[in-house]
Number of protein chains: 4
Amino acid sequence: MTMEKKTLLTDCPDAIGLISKITNICYKHQLNIVHNNEFVDNTNKQFFMRTELEGYFNDKTFLADLDHALPTGSHRRLVSSERKRIVIMVTKEAHCIGDILVKAYDGTLDVDIAAVVGNYDTLGKLTEKFDIPFHHVSHEGLTREEHEDKLLACINQYEPNYVVLAKYMRILTPEFVSAFPHQIINIHHSFLPAFIGAKPYLQAFERGVKIIGATAHFVTNDLDEGPIITQNVIPVDHNFSAKDMARSGRDVEKSVLSKALGLVVDDRVFVHGNRTIIL
Amino acid sequence: MTMEKKTLLTDCPDAIGLISKITNICYKHQLNIVHNNEFVDNTNKQFFMRTELEGYFNDKTFLADLDHALPTGSHRRLVSSERKRIVIMVTKEAHCIGDILVKAYDGTLDVDIAAVVGNYDTLGKLTEKFDIPFHHVSHEGLTREEHEDKLLACINQYEPNYVVLAKYMRILTPEFVSAFPHQIINIHHSFLPAFIGAKPYLQAFERGVKIIGATAHFVTNDLDEGPIITQNVIPVDHNFSAKDMARSGRDVEKSVLSKALGLVVDDRVFVHGNRTIIL
Amino acid sequence: MTMEKKTLLTDCPDAIGLISKITNICYKHQLNIVHNNEFVDNTNKQFFMRTELEGYFNDKTFLADLDHALPTGSHRRLVSSERKRIVIMVTKEAHCIGDILVKAYDGTLDVDIAAVVGNYDTLGKLTEKFDIPFHHVSHEGLTREEHEDKLLACINQYEPNYVVLAKYMRILTPEFVSAFPHQIINIHHSFLPAFIGAKPYLQAFERGVKIIGATAHFVTNDLDEGPIITQNVIPVDHNFSAKDMARSGRDVEKSVLSKALGLVVDDRVFVHGNRTIIL
Amino acid sequence: MTMEKKTLLTDCPDAIGLISKITNICYKHQLNIVHNNEFVDNTNKQFFMRTELEGYFNDKTFLADLDHALPTGSHRRLVSSERKRIVIMVTKEAHCIGDILVKAYDGTLDVDIAAVVGNYDTLGKLTEKFDIPFHHVSHEGLTREEHEDKLLACINQYEPNYVVLAKYMRILTPEFVSAFPHQIINIHHSFLPAFIGAKPYLQAFERGVKIIGATAHFVTNDLDEGPIITQNVIPVDHNFSAKDMARSGRDVEKSVLSKALGLVVDDRVFVHGNRTIIL
């Protein structure tokens, strides 16, 4: 056996003594708690705990002990510290994909970019600069279903842990989404729930807002309605045309998306209903 | 004649040479430009200029010269530096009114609070600590129209320049609003246009947003749809209940409202369509 | 015995199994953990835990059990949920004291303001509007030691939990500070450690910074060098004179100070060396 | 003659009627003012104006008319809308250079990156992905003067408008700096003037600050003391080690640097004494 680092993620109905029970089992298994965070959602009576552990793991007996101790309806996962594999979907804009490529290149983002898939070929050259395969899966002349079948075939060969929509500008069907439950991360270029749907910067300009933003969220079947992971904003004023807003918004979009991606691949994000708990 | 300070506000269709024409007239009248800001809305081809002037004013000839020089459809106002008079409307929450009372007391806000009007008497004691008249105009047992007639009668005796809704929690009718065109400033406790209407913090909690905010805007007939003056936000996370959000939001609400009020009474806010230009 | 809420604050050298040991003792005493936060400072190998408990307390046996379980060099406190008593020291500026007065008045800040002490009488009228005793303890004609003796005599009669310097513009001697170890909270009107000492806004103006800020910290013997509790900033630009910065900074100063005060009276702030841990 | 866009930058002692004089000359030359911004520094009695013009330029007669109208001690420049050429200096960190490379690639930053020069070869591969020449000018075994002579020889062949220090981690001599007056832009990884000099994140960690930041500034002879162009900050807390701060700071550093670079190449930045005016 070798010394390993793993993360235990516990998500269960709240009950008295949970922290004590879980940490006792860690103690019994001689696993050192490097970092621990827990949260109790008092509204929904739900308990969440993220425990970074170090030691010699016997996964089977450790999880069996946990299952014995935890209440009915509990979910627990013991995640290895292995690097996550992602596939990125894009259309034409370079800023988000560019940021992820550079961050993966210099180690800021600890991910393995398996491939990039675009419905246009615009970003092929940029992707290939980083020695990552680019697949051009055009939607032209295809029904939505035909197109998504091709996308799925392309993506699935890489068996990604997560699919990242880095300004992929087409709506996905429930069928596609259901293939990756809570595994698709999207960046929406507004401070959701303001300006749902198309052309959020134009909407923001027309409404005369003084702040614009971006939202990274898991994709569910309801357009722009999935659980929010991160958001950020920047001030704007009357000097900004809709185009200026779009231009200024790029830095926010990319930093929000890569921050969300970092949290997800670090196994810090729990989803409960339509909300995220980040531990 | 005595040396005076006045502010010229010009709002007109854009044309070549406007700055030159207006500043020439100032120069001809020996008025020193202390501060000048202009903005051209290229989408709507509209020109805005705010000019702080110092000198010996002959308002009549100065404005006549301007009217002669400016294109058809121009608006210009020459505003004295006299302190603005406001009436504040409240319901039960103390933070916004409390902030304005303290800021007017110590001179941070250069306004004359003529009176405070509440549909409950909750804030009477606080108001009177600052030697400002408080009027309790209850809505109970009255139709909306009867209540607003009483409010109008009460407010109008003070001839205010602006009416400030400092967490006044009732909807106003178009009749009331039309009595004070672009003179009513409201604070809405969300980052508009997200969470229009009632209980925005509860809506924000349920949507699971990671940022909450507040919006100060002029009141028009469309609820929460008037021109936005200022907005600000603060980060929140899964630890915040709806109640925690409301509590944390208070500091944002009050600073956004008093910032907007400061801009308005400094004659810095132009309204064009549903947008504000702040010079 | 009645059901009570108390907060356990533990601060000790890090060791394996601490969370488990402490939560086991809570469990054994039938105390429900309402909220728990812990932090391990890996650099200094120090463990911090804040545990909100609910139940029927036998303080003596509970603490004895803890003392038995915790390693040598541990500090633990069991704090009742009783409201904290503060004395506020001021000079002439109204914004910070005004904010605390309004927030204590409307319940946003859960503190009992026992008294306000000023070295000028400027803020007496404002304080007394809120039915709080104001003491004018002038420094004129006194040595620093004589003045502080008078201040101490005045303050000590109220036996405050904390002393809040709400823009008290005089330096305190080590003797005065040592009378209230980690009990004096100051607001410094800069983003420390930038612009230590006098006239920070003038310094900021002269340096041409694009952001200004405020810092709330515990007072130690080294001027402006104590452990930082909260900081915040606002953007400025070339349009801001030093005076404009000071004016705009007021909202940041007051919100930073009252946020820090709220954290302290909620027993959320641990001090370790010159750093704070906020749980 | 063809229709052109140029920007007039005026920087002169303040005097009555300046706006009127300058705009009259534009009018006389049939040059349309697309955008105009001016600022008067009342402390130093200095006038700044940035005027975007469109029309048929006769530079010689236009500038002669201006020189005739402006007071003694005036500076004015008429800048063509041609894209600026930059040389970037780096050491080993990829985030700032990566951001500029991607932004120049996708057109977000309107600059021509002539070359990248590194004192290590670490970033050669990344640079060359974007088909930009990389020069490895090692400092090893050389005196500072010898190294800078080599750097200058390398840089000067590209005749850059600006030199960008994108985390170039060596101090430059006054001789080097004087070769590019107000043409060298540096990113410092702290919120200046806090944490001048080496290892600012370690300093920030040790001081226990709650906010960290980054500063882009022109390089002058005094280390980290040059005129500040842009600054930004992010919140941190006790969970952040010095290393975590450094990691989180990268996004701020890169966005601050590329924002500053965008302002400079748009001819928006005036320097007066040690302050910048951004119009």
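Is it fair to say C:Ala114 is at pLDDT 95 or above, within 14 Å of another protein chain (Cβ to nearest Cβ), under 24 Å from B:Asp106 (Cα atoms) and open to solvent by 10 Å² or more (accessible area, probe 1.4 Å)? Before you say what the answer is, go through the steps one by one.
On the way: at pLDDT 95 or above: yes; within 14 Å of another protein chain (Cβ to nearest Cβ): no; under 24 Å from B:Asp106 (Cα atoms): yes; open to solvent by 10 Å² or more (accessible area, probe 1.4 Å): yes.
The answer is no for C:Ala114.
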Against the conditions (1) at pLDDT 95 or above; (2) within 24 Å of C:Gly249 (Cα to Cα), where does C:Ile155 fall short? Just the number, please. (2)
Residue check, B:Glu128 against (1) in contact (Cβ under 8 Å) with a residue 40 or more places away in the chain; (2) surrounded by fewer than 19 Cβ atoms within 10 Å (Cβ to Cβ), all met but one. Which one? (1)
Please specify each residue of the range D:115-133 satisfying the condition of being small (Gly, Ala, Ser) and either part of a helix (DSSP H, G or I) or under 16 Å from the mean Cα position of the chain (by Cα) (or both). D:Gly124
Which count do you get for residues in the range B:234-274 that are hydroxyl-bearing (Ser, Thr, Tyr) and more than 26 Å from B:Gln183 (Cβ to Cβ)? 2
Take A:Gly55 and decide whether it is in contact with a helix residue (DSSP H, G or I) (Cβ under 8 Å, 6 or more places away or on another chain) and either closer than 30 Å to C:Gln30 by Cα or within 11 Å of another protein chain (Cβ to nearest Cβ) (or both). no
Answer from D:Glu145, D:Glu159 - the residue that is more than 17 Å from the chain's Cα centre (by Cα) and open to solvent by 10 Å² or more (accessible area, probe 1.4 Å): D:Glu145
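Does C:Phe134 meet the test of being modelled with pLDDT of 95 or more and within 19 Å of C:Lys84 (Cβ to Cβ)? If you could, list the steps in order and put the result at the bottom.
Details: modelled with pLDDT of 95 or more: yes; within 19 Å of C:Lys84 (Cβ to Cβ): no.
No.
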Residues in the range D:234-263 that are of a type in the set (S, T, N, Q) and more than 10 Å from chain C (Cβ to nearest Cβ) total 3
In the set D:Ala204, D:Ala179, D:Ala260, D:Ala214, the lone residue that is modelled with pLDDT under 95, of a type in the set (A, V, I, L, M) and either in the same structural domain as D:Glu140 (by TED's automatic domain parsing) or closer than 28 Å to C:Thr276 by Cβ (or both) is D:Ala204
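Hey, could you check the range B:267-276 for residues that are out of contact with any Lys or Arg (no Cβ under 9 Å at 6 or more places or on another chain) and at negative phi and say which is most open to solvent (accessible area, probe 1.4 Å)?
Initial filter on the range B:267-276 (out of contact with any Lys or Arg (no Cβ under 9 Å at 6 or more places or on another chain)): B:269, B:271-273.
Within this subset, residues satisfying the condition of being at negative phi are B:269, B:271-272.
Numbers: B:Val269: 28, B:Val271: 32, B:His272: 52 Å².
The residue in question is B:His272.
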Of the residues that sit in the range C:162-176 and are hydrophobic (A, V, I, L, M, F, W, C) and surrounded by fewer than 19 Cβ atoms within 10 Å (Cβ to Cβ), which one is farthest from the other protein chains (Cβ to nearest Cβ)? C:Ile171
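Looking only at the range D:5-46, which residues are more than 11 Å from chain B (Cβ to nearest Cβ) and under 19 Å from D:Arg268 (Cβ atoms)?
Keep residues of the range D:5-46 that are more than 11 Å from chain B (Cβ to nearest Cβ), which gives D:5-13, D:29, D:41, D:43-46.
Residues satisfying the conditions are D:Lys5, D:Lys6, D:Thr7, D:Leu8, D:Leu9, D:Thr10, D:Asp11, D:Cys12, D:Asp41, D:Gln46.
Considering each of C:Thr127, C:Thr108 in turn, give the residue that is within 14 Å of chain B (Cβ to nearest Cβ) and at pLDDT below 95. Break it down into steps so the answer makes sense when it comes.
Numbers: C:Thr127 fails: at pLDDT below 95.
The unique qualifying residue is C:Thr108.
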Residue in the range A:85-100 that is within 14 Å of chain D (Cβ to nearest Cβ), crowded, with 16+ Cβ neighbours inside 10 Å and among the basic types (Lys, Arg) present: no
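Can you report the number of residues in the range B:181-204 which are within 12 Å of chain A (Cβ to nearest Cβ) and open to solvent by 20 Å² or more (accessible area, probe 1.4 Å)? Spell out the reasoning first.
If we filter the range B:181-204 for residues that are within 12 Å of chain A (Cβ to nearest Cβ), which is where we start, we get B:190-196, B:200, B:202-204.
Then drop every residue that is not open to solvent by 20 Å² or more (accessible area, probe 1.4 Å), which leaves B:193, B:195-196, B:202-203.
Looking only at that region, the number is 5.
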I want to confirm something. Restricting to the range D:206-233 and keeping residues that are more than 7 Å from chain C (Cβ to nearest Cβ) and of a type in the set (Ser, Thr, Tyr), which single residue is surrounded by the most Cβ atoms within 10 Å (Cβ to Cβ)? D:Thr215
State which residue pairs qualify: first residue closer than 16 Å to C:Gly17 by Cβ and inside the range A:49-72, second residue in a helix (DSSP H, G or I) in any location, beta carbons under 6 Å apart, and separation of 6 or more residues or different chains. A:Asp65/A:Ile25
How many residues are under 27 Å from D:Thr276 (Cβ atoms) and open to solvent by 70 Å² or more (accessible area, probe 1.4 Å) when one looks only at the range D:34-79? 8
Scan the range C:6-33 for residues that are loosely packed, with under 14 Cβ neighbours inside 10 Å and within 30 Å of the chain's Cα centre (by Cα) and jot them down. C:Ala15
Assess whether C:Asn32 counts as being at pLDDT below 95 and of a type outside the set (D, E, K, R). yes
Is there a residue in the range C:235-257 that is open to solvent by 20 Å² or more (accessible area, probe 1.4 Å), of a type in the set (A, V, I, L, M, F, W, C) and closer than 29 Å to C:Glu52 by Cα? no
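The values are calculated or read from the model by the stated rules, or taken from the named source; none is laboratory data. Note that the coordinates shown come from a computational prediction; the quantities given were computed from them, not determined experimentally. Quick reminder, even Gly has a Cβ in these numbers, built from the backbone with ideal geometry, and neighbours come from all protein chains shown. Only protein heavy atoms, including side chains, enter the accessible area calculation; ligands, DNA and RNA are left aside. Shrake-Rupley method; radii C 1.70, N 1.55, O 1.52, S 1.80 Å.
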